[in-house]
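Reading through the C-alpha cells given below for one structure.
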Amino acid sequence: MPAYVQAVSGIPILSAEREQALAEKLYYSECVDSARELVLAHLRFVVHIARSYSGYGLAEADLIQEGNVGLMKAVKRFDPNKGVRLVSFAVHWIKAEMHEFILRNWRIVKVATTKAQRKLFFNLRSAKKSLGWLSAEETQAIAADLGVDEAEVQRMEGRLSSRDIAFDLPTDADDDDAWQSPQAYLDDISTDPARCIEAEDSARDGEDRLRSALSSLDERSRNIVTQRWLAEQKATLHELAAEYGVSAERIRQLEVNAMKKLKTTLVV
C-alpha cells in the first residue's frame, strides 16, 4: 500500500488549462487516453478521502479501490462546460462509492438502509460532543440539524454503540468464556435425534403412568376426572351433578379425592 500511495503521489497535478482540454476531448470525442490521464492525475485525491474514513475499521486499500471506481464514474460524466474543476465534481461520486462500501461491510447486519439512517451513520459521531450517551437536548439539536426524527437519532446511537459477535466460540477461548458465545445459548436442540427419542420416551412413559393411575380409580371418579381435565369439551360441576343426580359440591369433593389419589399414584 505505501508503494501505491507513493506512486500516485508522483503523478503530476493537472493545470486548469490542461484539465479543461482533456475534459473537452473526452466529452466531445470520447478519447480514452484523455480519460486515463484525468483519472491518474486525481488518484492522490482518492487516497486523501479514503484516509478520512479510517475510523470505520476497514482496509484503506479497499476504500481506495471503491473510491477509484467513483472517480472513473465522475470522469465519464464530467461536463467541462459547467465551469467547475473535476475534483469538485468527483468528490461526490468518490464518497458515494466509499459510503456504499462502508455500509455493506462495517457490520454483518446492515445498520443504515433509509436516507435518514445513512445521513446519521456518517454524521452522528462527529456531531456528538462527548463519548457518553446523548442527552435529550443534544438529541433534539442533532435531529433538527440533520433534518431527521429524534427517534432515528436514538436508534442509530444504539446501533453504533453495539458490535458484532461471532456465533462460534473462538478456538483459543477457555471454558470461562464459553457462555459469551451465542453458540452456547442459541443451540437448537429440537432436532437432536437423541433428545427427540428421549422426549418421546418420556411422553409415552407419562401417558402409561397416567393410564395406570386412572385405572386405579372407581368408574365414577375416573369419569369425573376425565370429563373435567382430559376431555376436549370440559364439563362443569353442575353438568356432572345433573348426570349423577347429586349436588355440585359432591362432585367437587369426588374430584378433589380422585386428584389426590392420582397424585399419590403418579409420584410413586
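The values are calculated or read from the model by the stated rules, or taken from the named source; none is laboratory data. Note that the structure is a prediction, hence the values are computed from the model and not measured. Cβ coordinates were reconstructed from backbone atoms using ideal geometry, including for glycine residues, and neighbour counts include every protein chain displayed. Note: areas computed on protein heavy atoms with side chains; ligands, DNA, RNA excluded. Shrake-Rupley method; radii C 1.70, N 1.55, O 1.52, S 1.80 Å.
Numerical summary
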{"read-out": "Residue list for segment 30-60, filter: touching a Phe, Trp or Tyr at 6+ places or on another chain (Cβ under 8 Å) and either surrounded by fewer than 17 Cβ atoms within 10 Å (Cβ to Cβ) or on the phi > 0 side of the Ramachandran plot (or both)", "value": "Tyr56, Gly57"}
{"read-out": "Residue ID - modelled with the highest pLDDT, chosen from residues in segment 90-117 that are among the aromatic types (Phe, Trp, Tyr) and open to solvent by less than 60 Å² (accessible area, probe 1.4 Å)", "value": "Phe101"}
{"read-out": "Residue, nearest to Gln65 (Cα to Cα), within segment 1-22, restricted to residues that are of a type in the set (Gly, Ala, Ser), surrounded by fewer than 10 Cβ atoms within 10 Å (Cβ to Cβ) and under 45 Å from the mean Cα position of the chain (by Cα)", "value": "Ala3"}
{"read-out": "Extreme residue, modelled with the highest pLDDT, among residues of segment 118-140 that are over 22 Å from Asp62 (Cβ atoms) and surrounded by 16 or more Cβ atoms within 10 Å (Cβ to Cβ)", "value": "Thr139"}
{"read-out": "Failed item in (1) among the aliphatic types (A, V, I, L, M); (2) surrounded by fewer than 12 Cβ atoms within 10 Å (Cβ to Cβ); (3) touching a helix residue (DSSP H, G or I) at 6+ places or on another chain (Cβ under 7 Å), with Val69 passing the rest", "value": "(2)"}
{"read-out": "Condition check for Val268: β-branched (Val, Ile, Thr) and modelled with pLDDT of 90 or more", "value": "no"}
{"read-out": "Within segment 227-244, tally of residues that are open to solvent by 70 Å² or more (accessible area, probe 1.4 Å) and not in a helix (DSSP H, G or I)", "value": "3"}
{"read-out": "Tyr27 being over 30 Å from Arg155 (Cβ atoms), surrounded by 15 or more Cβ atoms within 10 Å (Cβ to Cβ) and among the hydroxyl-bearing types (Ser, Thr, Tyr)", "value": "yes"}
{"read-out": "Test: Ile224 is in contact with a helix residue (DSSP H, G or I) (Cβ under 9 Å, 6 or more places away or on another chain), farther than 30 Å from Ala258 by Cα and either modelled with pLDDT under 80 or open to solvent by less than 80 Å² (accessible area, probe 1.4 Å) (or both)", "value": "no"}
{"read-out": "Some residue of segment 36-47 being under 30 Å from Lys119 (Cα atoms) and not in a helix (DSSP H, G or I)", "value": "yes"}
